Every structure is written in C-alpha cells, then in structure tokens.
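These notes are about the structure you will find just below.
The values are calculated or read from the model by the stated rules, or taken from the named source; none is laboratory data. Just so it is clear, the structure is predicted and the values come from calculations on it, not from any experiment. Glycine also receives a Cβ, built like all others from the backbone with ideal geometry; neighbour counts cover every protein chain displayed. The protein model used for the area step is the full one, side chains on, heavy atoms only, and it has no ligands, DNA or RNA in it. Shrake-Rupley method; radii C 1.70, N 1.55, O 1.52, S 1.80 Å.
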Amino acid sequence: MTLQFKPNETFRRDFTYRNSSAAILHFPFPFPEDQYMYSVNIEPHVKGGASPAYDHVFDVDEHYVAECRERAQVLAEDPKRCQVLPHMMAAQWDTLELLMENLAADYPAHFSLTKAGDLWTWINRPLGLHQSFTFGKAETLPCPPFEYITRQAQGDFTLQDQREDNLYVDGGMVTTQADWSFEFDIGMSFHEWHGPVPLAHEKGVFDRALKYLLRLQYGAPVRRLNWTMTINPRLDTSPENYPVWGPDKASVTPENVGQKVHLRVELQTLYRLPRSNAILFGIRCYLASLEEVARVPKWGKRLHRVLRDLHPDIEAYKGLPRFRQMAVDYLAPLDDGAELSKGIQSELTAL
Amino acid sequence: MIASGPIPVRIHEIEQLSPTLKRFAFAPLHGGALPTPSAGAHVLVTLRHEGRVMKNAYSLVSPPESRERYEIIVRHVAQSRGGSRFLHQSVARGDVIEIGVPGNLFPLASKARKHLLIAGGIGITPLLSYVPALKARGARFELHQLCTADEAPVFEKLLAPHAAGEDIFIHGNGRAAFDLAGILARQPLGTHVYTCGPRALMDAVITSAAALGWPAGKIHRESFGDASGGLPFKAVLAKSGIEVQVADNQTLLEALEAQGIAAPCLCRGGACGECKLEVLDGEVEHRDDFLSAAEKASQKFIMPCVSRARTAQVVLDF
Ligand code: HEM
Ligand code: FES
C-alpha cells in the first residue's frame with residue numbers, strides 16, 4: 001500500500017484536517033450494534049477483520065506526518081506529556097523494539113530496520129530520519145528510547161507495570177487524549193485511573209478486564225475500540241488545555257454540526273512486553289466528522305440510533321450534552337430505520 | 001512480535017552436562033530471529049513420539065537477548081511422563097520439533113531494590129536467564145543454589161560465566177546446612193525473593209519469608225501456570241444434533257470452530273461474555289470471570305472459550 005501523506009494538515013487553529021474517501025473506509029467505526037453500553041469488548045489483535053485499520057499491527061495512515069508534527073508541538077509546549085518512571089527502562093526498549101520491528105515489517109516502503117548485533121539502524125522515510133544506535137544504550141539515541149519511538153508513531157502510548165496482581169500506569173506519551181490527564185494518573189492502579197468512569201465499575205467491567213489483562217500473553221496482543229465526540233478535528237483535548245478547547249462546544253449550530261462534530265474513535269491495543277513483562281497500551285485516535293461518517297450509509301444510520309438512545313450517564317461523562325441533540329437531528333433524516341447488519345464493517349468497497 | 005502459531009525449530013546442539021542433565025539448543029528452522037524471550041520465561045515444547053503428543057514446559061536458560069537460539073536444560077527423571085525420557089533418549093541433533101511463544105509467569109519485579117534468588121537442583125534453570133538480565137540492568141542480587149555434592153561442580157560450571165565478583169553461592173551439603181531463615185532475615189528492605197526447585201524447598205522459602213513478615217507481593221515462586229487443557233469430553237448441540245469431541249488440549253470453542261461451526265466469541269479469555277451458551281445437561285467446570293457465582297452454581301451456562309465439562313458429556317442449547 002502506498003500512502004499519500006498530507007504533511008500540512010493541522011489539528012488546531014484553522015483545522016485543515018480532512019479524511020480522503022479511502023481514509024473514511026479505513027475508519028474503525030466503533031458500534032457493532034444499534035445500542036451502546038460499556039462491556040469488556042476486547043478481542044485478539046489479529047490482522048484482518050471488520051476494519052482495514054486492523055490490517056497492520058500499528059496502523060499508519062495519510063495523517064501520519066501531520067500527527068507527528070502536532071505531537072512535537074504539544075511536547076514543546078508541555079514536556080510532561082511524556083514521562084516514564086525509572087523502573088521502566090526495560091519496557092522502554094521493549095516498546096522501541098516492538099514498534100520498529102512491526103513498522104518495518106508492515107510498511108517496508110516507509111520504514112526500515114537493520115541490525116548488526118546490538119548496532120541497529122533505523123530509517124523513517126516519511127519523517128526523513130536515519131538513526132544508528134546501540135540497542136540497550138540510551139545515550140546513543142537523541143532522547144530516551146520510549147520517547148524516541150513514540151514521537152514517530154500515531155496515537156498515545158502508556159506503559160503498565162504488573163505487580164501485586166495489578167497494573168500501574170508508570171509511563172506514557174500522551175498528547176492526543178480524550179480529556180484525561182497523564183500527569184494526574186501516572187503511578188495509579190487500574191481501578192484508580194478508571195475511577196471517573198460511570199456504570200462500568202458496578203457492572204464488573206473493570207474487574208473482569210483487569211483479570212484478563214493480568215493473563216495477557218506475549219505474542220498474543222488484544223484490542224478494543226473506545227469512542228467519544230470532539231468539536232473540530234482536535235487531537236489534543238487534554239484537561240490541561242481545557243480553556244483552549246472547552247469553548248468550542250458552544251460554537252456548534254444546526255448549520256455547522258455536520259462539519260464541526262467529530263466521532264473520535266480510539267483503537268486501543270495491548271501488548272505484553274518481553275524483557276519487562278510490562279503491558280504497552282496503544283491508544284490510536286481516529287477523527288471523522290459526522291458528514292464524513294455518514295458517507296457510509298450503515299454507519300450514519302447506526303450512529304443516529306446510538307446517539308439517540310445513549311444512556312444519560314455516558315452522555316454526561318463523555319461531555320456530549322451541549323450538542324448531542326443537534327447531532328441526532330442532523331443524522332435522523334439519513335436513517336430510514338432499515339435493519340443493519342451486526343458488526344462494524346462498512347459493507348462498501350469504494351466511496 | 002506477533003505470534004502466528006507454533007514455531008518450528010531445529011535441534012542445533014545437545015550437550016551432556018551430567019549423567020542426568022542435557023542442554024538442548026534450538027535454532028529457528030526457517031532462519032531469522034526467534035521472539036525476544038524474557039528473563040524467567042518458559043516455552044512449551046511439543047514432542048511427538050509413537051503416535052503420542054506430549055507438551056512439556058521448560059524454562060529458557062539462554063540470556064534474553066539471544067534470539068538466534070534458545071536453550072533449555074532437561075533432567076532425565078526416572079519416572080518421567082515421557083517428555084524428559086524422550087528428549088534424552090530419542091532426540092538427536094538436526095531433528096525438528098515445535099515450540100510455543102515464550103510465556104512468563106515468573107518475571108523479575110521491576111521495582112525490587114535487591115533480588116534474592118534461591119534454587120534447588122534443576123530449579124536453577126530460570127535463574128540462568130535472570131542473572132545476565134540483572135547484570136545488564138545493574139541490579140543488586142544474591143543467588144543461592146542448593147544441590148547434591150556430586151552435582152555442585154555442574155552448577156558451578158553453569159554459573160561460572162556470570163560469577164565473577166557476584167554474590168553467587170553453591171550449597172552442596174543439602175538443606176540441613178543451609179541457613180534459609182538467616183539469609184532471609186538479613187536482606188535489606190525492598191528485597192524480592194524468587195524460588196524455584198523441589199516443592200519442599202519452595203514451600204520452605206515461602207513460609208519462612210511470610211513468617212519473617214515479608215509481604216506476599218515480594219515473594220515469587222516459579223510457575224508454568226495451569227495447563228489450559230483437561231480431560232476430553234463430548235459436547236452435544238441440541239438444536240442441530242451435532243456431536244463434537246473436545247480433545248484434552250483444546251477448548252470447547254476451538255473444537256466447535258474446528259467443525260466449521262460459527263460459535264459466538266470475542267475475547268477468547270473468559271471475560272467478555274460473548275460466547276455464553278446454555279447448558280441443558282451435564283456438569284461444567286467453570287474457568288471464566290464472566291458468570292456470577294450464582295450463575296456458575298446453577299450449572300445452566302458455560303463459557304466455551306475457557307470452561308470444560310466435568311462430565312463425559314454436556315448437552316448445549318445451541
Ligand atoms: C491497561 C491500559 C488502560 C489504560 C491506561 C486505560 C486508561 C483509561 C483512561 C485514562 C480513561 C479515562 C478515565 C477518566 O475519565 O479520567 C479510561 C476510560 C475507560 N476505559 Fe480504560 N484504560 C486501559 C484499559 C482498559 C481496558 C482493557 C478496558 C476494557 C473494558 C477499559 C475500559 C474503559 C472504559 C469503558 C472507559 C470509559 C471510556 C469512555 O466512556 O469514554 N480500559 N481508560
Ligand atoms: S469469548 Fe469472551 S467470554 Fe468467551
């Protein structure tokens with residue numbers, strides 16, 4: 001696959017980010033059914049399946065170059081978005097190895113990795129990088145290994161140490177998050193960092209998910225989709241920057257709702273890491289405006305139904321009350337009420 | 001590394017370490033690199049002999065950075081279930097066998113201020129991968145190996161490449177002369193203890209450490225986990241009348257899929273609830289985290305991705 005990058009796209013101020021037709025079909029639409037409720041929606045992360053976003057271990061798309069630049073800007077303004085606690089050094093190298101090996105294997109036209117013993121050479125063509133370094137020797141890279149490689153990947157990443165039958169979020173690169181603070185969460189355990197989520201604790205979702213993750217096996221990663229909605233194609237919706245993006249919610253009108261309101265989907269992947277026995281959590285964020293989503297008829301209809309019938313606690317938690325009704329009204333005329341197939345597949349081969 | 005099934009490997013080297021110990025080195029059959037192993041990891045080795053299939057878990061003794069070859073050490077046990085005898089007597093250099101992706105239920109603790117390693121006999125094996133990893137991390141550790149007097153030189157030789165300047169001790173005079181409580185008592189705060197070897201030794205380490213007030217989270221014993229299999233059984237699908245045999249090393253879900261039956265599933269690990277089926281007859285050995293205690297007790301449901309029948313047959317409303 002050859003990717004046509006769009007290096008000048010922006011995720012702030014003038015928001016020039018758009019999805020090509022191919023990118024819309026590539027979008028991991030998150031609703032297999034007409035209703036949405038929290039569940040342990042985890043499945044093996046194997047190639048192929050209902051969305052083309054599953055075709056590669058780490059998905060790279062047309063927004064890659066622009067997203068890496070956006071990440072660099074966020075880090076320049078707030079370096080604390082990337083932090084790793086000292087006991088996670090082995091996990092840093094594990095992450096670098098996992099990303100480099102899989103990017104090089106999945107996208108040979110764009111990335112290459114060659115090894116002569118511990119001496120590794122990494123080439124990232126889209127970003128114009130060529131780096132030789134000694135694996136395991138942090139001083140041979142321009143910055144620590146976890147930061148080095150996650151600056152060159154789309155989506156956020158966190159590192160979970162496993163101890164005392166729990167997971168602790170002891171490292172992360174978090175610049176494209178949906179309203180949660182890594183600086184606040186670092187060092188917390190699984191139930192602590194999930195504290196603010198409504199309904200799911202009572203349903204036992206987090207108890208079961210944690211047990212499942214504690215048993216996660218090396219070589220057998222898993223994935224789940226999570227979603228929310230964001231005004232404008234803004235990647236950095238962090239609590240730290242709430243004053244910058246919060247007011248955007250008031251800018252939605254019935255006239256602009258189709259372009260302004262974006263379905264924000266996170267393709268979350270979880271990998272057991274070998275040296276550290278830690279878990280790497282990838283949170284790959286996809287944005288598509290309602291107008292873009294509705295170009296796939298099945299998705300437009302289903303999104304209408306999910307938003308129309310959404311549980312009020314989930315609506316409030318995700319911060320949707322100001323514009324949810326406008327989104328429902330925008331989508332309603334597109335929904336003829338026809339029965340839709342189970343699953344997230346678009347059922348289209350081209351747009 | 002993303003796995004895609006078992007890994008075929010060639011027996012690259014066999015070394016007789018003692019009358020009952022052999023070291024086997026495996027290299028990937030098709031070249032390239034094996035998955036990165038971790039300190040303390042084990043692999044499941046599949047052995048096929050005279051129509052029998054045996055799966056045995058062995059700790060990797062090669063250092064974690066070794067991806068050109070893995071090494072295991074196997075003791076020939078007189079009353080062996082077959083695996084160790086087969087490896088000792090029937091496997092030769094150049095043979096091809098299958099191994100699984102390394103798993104690790106005995107990992108190093110990342111926050112330990114010091115690591116205290118106590119092994120007995122062949123229990124040394126996971127520690128042989130620990131030591132180079134600890135040295136590479138610059139971590140503080142102390143290793144005690146208990147063994148019989150005749151085997152002391154064998155273990156000394158195995159540890160020799162790592163031993164210079166380290167706190168590595170070999171105790172060849174048996175348990176009686178080994179001051180376990182004294183060693184545990186003089187460890188600095190923040191030490192983690194790891195033990196591997198005969199059950200009696202591991203139990204002694206765990207009870208002594210607990211008695212001295214060590215927190216449970218700082219005491220680690222080696223484990224290969226529960227084998228996922230169990231006794232074979234038959235599942236009868238009431239709606240279609242189809243009968244499915246579930247083999248000992250297979251889940252009910254896998255057996256249904258092998259018959260081309262599209263059974264619902266998602267997580268394949270007993271957590272999501274997607275695969276739930278109703279049980280009309282037979283008893284279930286529940287292994288999932290999804291059903292409530294009351295649902296489990298009712299014996300009305302089964303999660304085919306992990307749970308099995310306790311009876312020879314179960315009838316499902318499917
Ligand atoms: C181990 C890595 C994981 C990390 C670091 C993580 C982190 C987070 C964070 C930071 C939040 C936002 C909480 C807030 O409002 O402050 C969240 C929400 C949530 N997480 Fe996780 N999570 C992980 C794994 C999982 C898994 C395996 C599940 C499976 C069920 C899960 C289910 C959820 C749900 C349902 C929400 C609410 C999302 C929403 O409604 O937008 N998480 N997670
Ligand atoms: S497939 Fe998830 S519980 Fe069985």
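Tabulated data for the structure shown
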| item | result |
| --- | --- |
| Condition met for A:THR2 (open to solvent by 30 Å² or more (accessible area, probe 1.4 Å) and modelled with pLDDT under 95) | yes |
| Some residue of the stretch B:158-179 being of a type outside the set (Phe, Trp, Tyr), assigned to a strand (DSSP E or B) and within 30 Å of B:GLN250 (Cα to Cα) | no |
| Residue within the stretch B:116-133 that is aliphatic (A, V, I, L, M), more than 18 Å from B:MET202 (Cα to Cα) and within 11 Å of chain A (Cβ to nearest Cβ) present | yes |
| Close pairs (9 angstrom Cβ cut-off, 6 or more residues apart or separate chains): touching a residue at least 12 places away in the same chain (Cβ under 8 Å) and within 12 Å of chain B (Cβ to nearest Cβ) in the stretch A:33-44, open to solvent by 50 Å² or more (accessible area, probe 1.4 Å) and near ligand 1 (Cβ under 9 Å from one of its atoms) anywhere | A:VAL40/A:ARG224; A:ASN41/A:ARG224; A:ILE42/A:ARG224; A:GLU43/A:ARG224 |
| Subset of the stretch B:263-272 that is more than 7 Å from chain A (Cβ to nearest Cβ) and open to solvent by 10 Å² or more (accessible area, probe 1.4 Å) - its residue that is farthest from B:GLY241 (Cα to Cα) | B:CYS265 |
| Wholly within the stretch B:52-106, strands (runs of 3 or more DSSP E) carrying at least 1 residues that are within 14 Å of another protein chain (Cβ to nearest Cβ) and buried (at least 19 other Cβ atoms within 10 Å of the Cβ) | B:70-75, B:96-99 |
| Per-region count, the stretch B:287-303, residues crowded, with 21+ Cβ neighbours inside 10 Å and either near ligand 2 (Cβ under 9 Å from one of its atoms) or at pLDDT below 95 (or both) | 4 |
| Residue count, the stretch B:255-282 (criterion: more than 14 Å from ligand 2 (Cβ to nearest atom) and assigned to a loop (DSSP other than H, G, I, E, B)) | 4 |
| Qualifying positions in the stretch A:297-344 - crowded, with 17+ Cβ neighbours inside 10 Å, touching a residue at least 40 places away in the same chain (Cβ under 8 Å), on the phi < 0 side of the Ramachandran plot and not in a helix (DSSP H, G or I) | A:LEU310, A:LYS318, A:LEU320, A:PHE323, A:LEU340, A:ILE344 |
| Every residue from the stretch A:274-296 that is within 14 Å of another protein chain (Cβ to nearest Cβ) and either of a type in the set (Val, Ile, Thr) or crowded, with 24+ Cβ neighbours inside 10 Å (or both) | A:PRO274, A:ARG275, A:SER276, A:ASN277, A:ALA278, A:ILE279, A:GLY282 |
